[in-house]
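The values are calculated or read from the model by the stated rules, or taken from the named source; none is laboratory data. It should be emphasised that the depicted structure is a prediction, and the values quoted were computed from it without experimental measurement. Heads up, the Cβs are rebuilt from the backbone with ideal geometry, glycines too, and the neighbour counts pull from every protein chain shown. Just the protein is used for accessible areas: all its heavy atoms, side chains included, with ligands, DNA and RNA removed. Shrake-Rupley method; radii C 1.70, N 1.55, O 1.52, S 1.80 Å.
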Amino acid sequence: MKYIIAIAGLVAVFAMTYFASNDRSRIRYRPLAQMIILQIVLAFLLLNTTLGETLIRGFTAVFEALLAYAAEGVNFVFGGIMNEGQTSQFFLMVLMPIVVISALIGILQYLKILPFIIRYIGLALSKVNGMGKLESYNAVASAILGQSEVFISVKKQIGMLPERRLYTLCASAMSTVSMSIVGAYMTMIEPRYVVTALVLNLFGGFIIASILNPYRVSKEEDILEVQKERKQSFFEMLGEYIMDGFRVAITVAAMLIGFVALIALINGLFGSLFGITFQQILGYIFSPFAFLMGVPWKEAVEAGNIMATKMVANEFVAMLDLSTMTKEGVLSARTIGIVSVFLVSFANFSSIGIISGAVKGLHEEQGNTVARFGLRLLYGATLVSVLSATVAGLFL
């Protein structure tokens, strides 16, 4: 039965994407078929094989070690106010390690290791996805550098890009997550779902963009110019990346305070006026999508609630809700896995502002263009999350 529902879910995702396509005649089906098969194979390897389990365990071990080292710095500064088992530890033990992981990314950038990895994985991907080198580079770079920082690395080409190519770049940035906060996710949901989502979203972004926004890149246009970082001393670079990580952590904390409080306020108002909370209403709206992703119908409203929270607020707020439901035993293991994969992306309303602002900071006119197709961007990125969760559900 789960396979029939999964097929229905995949058909629904592709139908919703196809009918919203801006040029169906340009859709290329061969690269699409290749990427869909790759997604299914990779999901099977990661979730159902010893090799996948070993790879995920190794990836998780690296981040667990990084979080342990990060805890040394956090303990040194905040040790006196830390209390075991208190929820106040969220800021210290989930958000503060972002600072350390950001510093490590800076070191790998400085040593030219990350640029090498990003460029050549991107070139390999371009052979599979039928898109340009720039689009493939951008997808890999987004998953490592982050949704706003990635545009700085290709700022030479931003002003020259037609709207369709710019859309694909922005869609990749919204469909993935930056490596600096992967460790934070792993403290909130199972690491194997984080790793699976990272891999599936990479291909899912190309699949949805290839249908929603198809185009061809000529050989003359297929150029990749990566902005070289200005020369800095090692410690100047390190200080910059540490502060960048701290700003990300503070930003996430501020958004959590605001969104959690506002959602509680809106829930209270709706509860008083209508006898049903705002989140419960959203849960009913999103429940059919949860069901098509493979969530059992009896849990679809709770799952839809979490999915809607992610889109309206952000993935951190939704992960907190999922974590609470998991502890309470409200959801089955299958539902937790499917919803966890769905949550690992930047597909939410606030990302529209972040991405358009990042592009606008580099090129005013192109930033305005991104703002105009912002809702279409969110639509595509949300379908990427639904696609990844549906494929993962085949093997859970």
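The rows are residues; the columns are (1) touching a Phe, Trp or Tyr at 6+ places or on another chain (Cβ under 8 Å); (2) closer than 25 Å to residue 176 by Cβ.
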residue: 264; (1), (2): no, no
residue: 281; (1), (2): yes, no
residue: 286; (1), (2): no, yes
residue: 294; (1), (2): no, yes
residue: 298; (1), (2): no, no
residue: 308; (1), (2): yes, yes
residue: 311; (1), (2): yes, yes
residue: 314; (1), (2): yes, yes
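Return only the number of the condition from (1) open to solvent by 60 Å² or more (accessible area, probe 1.4 Å); (2) at pLDDT 90 or above; (3) in contact with a helix residue (DSSP H, G or I) (Cβ under 8 Å, 6 or more places away or on another chain) that residue 46 does not satisfy.
(1)
Output the residue which, of all residues in segment 21-41 that are in a helix (DSSP H, G or I) and touching a Ser or Thr at 6+ places or on another chain (Cβ under 7 Å), is surrounded by the most Cβ atoms within 10 Å (Cβ to Cβ). Give the steps one after another, and end with the answer.
Step one: of segment 21-41, the residues in a helix (DSSP H, G or I) are 24-26, 29-41.
Applying the additional criterion that residues be touching a Ser or Thr at 6+ places or on another chain (Cβ under 7 Å) yields 31-32.
Working: 31: 17, 32: 19.
By that ranking, first place goes to 32.
Looking at 136, 126, 142 in this structure, which one is of a type in the set (S, T, N, Q) and modelled with pLDDT under 75?
The match here is 126.
Taking the conditions exactly as written (modelled with pLDDT under 85, among the hydrophobic types (A, V, I, L, M, F, W, C), open to solvent by 70 Å² or more (accessible area, probe 1.4 Å) and in a helix (DSSP H, G or I)), does residue 62 satisfy them or not? Talk me through it step by step, then tell me what you get.
Details: modelled with pLDDT under 85: yes; among the hydrophobic types (A, V, I, L, M, F, W, C): yes; open to solvent by 70 Å² or more (accessible area, probe 1.4 Å): yes; in a helix (DSSP H, G or I): yes.
Judged against the criteria, residue 62 is a match.
Output the qualifying pairs, or none if there are none: Cβ atoms under 8 angstrom, residues six or more apart or on different chains, first residue in segment 162-176 and free of Cβ contacts under 8 Å to residues at least 60 places away in the same chain, second residue of a type in the set (Asp, Glu) and open to solvent by less than 10 Å² (accessible area, probe 1.4 Å).
Close Cβ pairs (under 8 Å, with a partner that is of a type in the set (Asp, Glu) and open to solvent by less than 10 Å² (accessible area, probe 1.4 Å)) amount to 165/135; 168/135; 169/135; 172/135.
Among the residues of segment 137-151 satisfying the criterion of being in a helix (DSSP H, G or I) and not small (Gly, Ala, Ser), which is surrounded by the fewest Cβ atoms within 10 Å (Cβ to Cβ)?
149
Hand me the list of helices (runs of 4 or more DSSP H) wholly inside segment 167-286 holding 2 or more residues that are open to solvent by 60 Å² or more (accessible area, probe 1.4 Å).
234-274
Residue 395 fails exactly one of the following numbered conditions: (1) aromatic (Phe, Trp, Tyr); (2) in a helix (DSSP H, G or I); (3) open to solvent by 10 Å² or more (accessible area, probe 1.4 Å). What is the number of that condition?
It fails just one condition, (2).
Here are some conditions: (1) aliphatic (A, V, I, L, M); (2) without any contact (Cβ under 8 Å) to a residue 60 or more places away in the chain; (3) open to solvent by 50 Å² or more (accessible area, probe 1.4 Å). Residue 331 meets all but one. Which one does it not meet?
The one condition residue 331 does not meet is (3).
Given (1) in contact with a helix residue (DSSP H, G or I) (Cβ under 7 Å, 6 or more places away or on another chain); (2) touching a residue at least 60 places away in the same chain (Cβ under 8 Å), identify the lone condition not met by residue 323.
So the condition that residue 323 fails would be (1).
Scan segment 287-300 for residues that are closer than 25 Å to residue 351 by Cα, surrounded by 19 or more Cβ atoms within 10 Å (Cβ to Cβ) and free of Cβ contacts under 8 Å to residues at least 24 places away in the same chain and jot them down. Before the answer, list the steps.
At the first step, the residues of segment 287-300 found to be closer than 25 Å to residue 351 by Cα are 287-290, 293.
So of that shortlist, the ones also surrounded by 19 or more Cβ atoms within 10 Å (Cβ to Cβ) come out as 287, 289-290, 293.
Correct list: 287 only.
Quick check on this structure: which one of 39, 86 is over 23 Å from the mean Cα position of the chain (by Cα) and either at pLDDT 85 or above or under 25 Å from residue 256 (Cα atoms) (or both)? Break it down into steps so the answer makes sense when it comes.
On the way: 39 fails: over 23 Å from the mean Cα position of the chain (by Cα).
Sole residue among the options that is over 23 Å from the mean Cα position of the chain (by Cα) and either at pLDDT 85 or above or under 25 Å from residue 256 (Cα atoms) (or both): 86.
Going through 61, 8, 12 one at a time, which residue ends up being within 25 Å of residue 340 (Cβ to Cβ) and out of contact with any helix residue (DSSP H, G or I) (no Cβ under 7 Å at 6 or more places or on another chain)?
On inspection, the qualifying residue turns out to be 61.
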